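Participant: This structure is in structure tokens; I'll ask about it shortly.
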Amino acid sequence: MAVIEFQKVTKAYGDEGDVLKGLDLTVEKGEFLTLLGESGCGKTTLLKIINRMVSFDTGHVWIRGRLLSEWDIVTLRREIGYVIQQIGLFPHMTVMNNVAYVLSLQGIQKPKQRQRAEELMELVGLPWEFLNRYPRELSGGQRQRVGVARALAASPEIILMDEPFGAVDEQTRSLLQDELLKIHQQLKCTIIFVTHDIQEAVKLGSRIVLMNKGIIEQTGTKEDLILRPANDFVRRFMGIKGFMALLDEKEMKALYQQVLEEKISLEEVYRSLTG
Ligand SMILES: Nc1ncnc2c1ncn2[C@@H]1O[C@H](COP(=O)(O)OP(=O)(O)OP(=O)(O)O)[C@@H](O)[C@H]1O
């Protein structure tokens, strides 16, 4: 079943011209969709239309078969978790209160909130003790984990993520990506994840949507976009980075380990990767 459907959606901010130019997009239940494209191509705008943080001009949007305009905004936002790069944790609240914020709005009793917060901390790989800390007492990566936990608190069916790991170092980023994949498998929720990083889009997305100046150039699996690009734009955009991202990371690491142990030479690695 389609969870989200866009039909010929356009959007302009003021009289600057359309930033979305008649988008069609269907997101199926349980998908991990990555929205990829250069800065300014309209990714965030598309994402924010889904939770009605931004309105659109023409076309139609359905969420779970119901027109977006017919949703009560509070119910809609409860069904949709939202994680952004500068997560906007409330600085004066403990991690516990941040994570349980939505639950307290729903009138859920304190012991239940605590229990859920502990479950969520486990899910995102943080110790329970951190529930007593304030956001400033955490590292950037830990704060992002709390942001993810907070977005998951009300068990939303859809999770929107806008470059959530953009501000952390590469190693932490890779760990967070691995954990997010696990969470997705476990919860079977629908995730729409905005990124301008090809490697990230390829690693995470069960399907990738490549946008360019307000249109969708291609939607498909990583193999579709990299090996069967729909046009020259897609071919050039995915390029060598896309091809490299398609190579199996674990396989490459294992091969490199053998180089470090002087069991094989770099030349042999090169030959095994290029056939
Ligand atoms: N509130 C706004 N008012 C006016 N113009 C806006 C507004 N928000 C976005 N835009 C413009 O709309 C276009 C698309 O912006 P959007 O944020 O959707 O792009 P993006 O692909 O997410 O970019 P980035 O990767 O840099 O976040 C840009 O040209 C941007 O300047």
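The values are calculated or read from the model by the stated rules, or taken from the named source; none is laboratory data. On a predicted model such as this, the values are computed, not experimentally measured, just so you know. Positions of Cβ are generated from backbone atoms using ideal geometry, with glycine treated the same way; all protein chains shown enter the neighbour counts. Surface areas here come from the heavy atoms of the whole protein model, side chains and all, with no ligands, DNA or RNA. Shrake-Rupley method; radii C 1.70, N 1.55, O 1.52, S 1.80 Å.
Participant: What are the residues in the range 142-172 that are crowded, with 19+ Cβ neighbours inside 10 Å and assigned to a helix (DSSP H, G or I), if any?
Facilitator: Within the range 142-172, GLN142, ARG143, GLN144, ARG145, VAL146, GLY147, VAL148, ALA149, ARG150, ALA151, LEU152 meet the criteria.
Participant: So which residues in the range 124-141 are open to solvent by 70 Å² or more (accessible area, probe 1.4 Å), over 21 Å from LYS182 (Cβ atoms), assigned to a helix (DSSP H, G or I) and in contact with a helix residue (DSSP H, G or I) (Cβ under 7 Å, 6 or more places away or on another chain), if there are any at all?
Facilitator: Scanning the range 124-141 gives a single hit, ASN132.
Participant: Next question, about the same structure. So MET121 fits all but one of (1) among the aliphatic types (A, V, I, L, M); (2) under 30 Å from MET1 (Cα atoms); (3) at pLDDT 85 or above; what number is the exception?
Facilitator: For MET121, the failing item is (2).
Participant: Moving on to the next point. Report, ordered by the first and then the second residue, all pairs with beta carbons closer than 7 Å, sequence separation of six or more or different chains, a first member in the range 46-67 that is in contact (Cβ under 8 Å) with a residue 40 or more places away in the chain, and a second member that is among the polar types (S, T, N, Q) and within 12 Å of the ligand (Cβ to nearest atom).
Facilitator: What qualifies is VAL54/THR45.
Participant: Counting only residues that are in a strand (DSSP E or B) and within 14 Å of the ligand (Cβ to nearest atom), which one in the range 35-64 is nearest to VAL83 (Cα to Cα)?
Facilitator: Going through the qualifying residues, I end up with LEU35.
Participant: What is the one condition in (1) within 13 Å of the ligand (Cβ to nearest atom); (2) under 25 Å from GLU179 (Cβ atoms); (3) not in a strand (DSSP E or B) that GLY14 does not satisfy?
Facilitator: (2)
Participant: Sticking with this structure for a sec: In the range 231-248, how many residues are open to solvent by 70 Å² or more (accessible area, probe 1.4 Å), out of contact with any helix residue (DSSP H, G or I) (no Cβ under 7 Å at 6 or more places or on another chain) and more than 19 Å from GLU268 (Cβ to Cβ)?
Facilitator: Residues in the range 231-248 being open to solvent by 70 Å² or more (accessible area, probe 1.4 Å), out of contact with any helix residue (DSSP H, G or I) (no Cβ under 7 Å at 6 or more places or on another chain) and more than 19 Å from GLU268 (Cβ to Cβ): 4 in total.
Participant: Check whether at least one residue in the range 24-34 is of a type outside the set (Val, Ile, Thr), within 11 Å of the ligand (Cβ to nearest atom), under 23 Å from LYS222 (Cα atoms) and open to solvent by less than 10 Å² (accessible area, probe 1.4 Å), and report yes or no.
Facilitator: No: zero hits.
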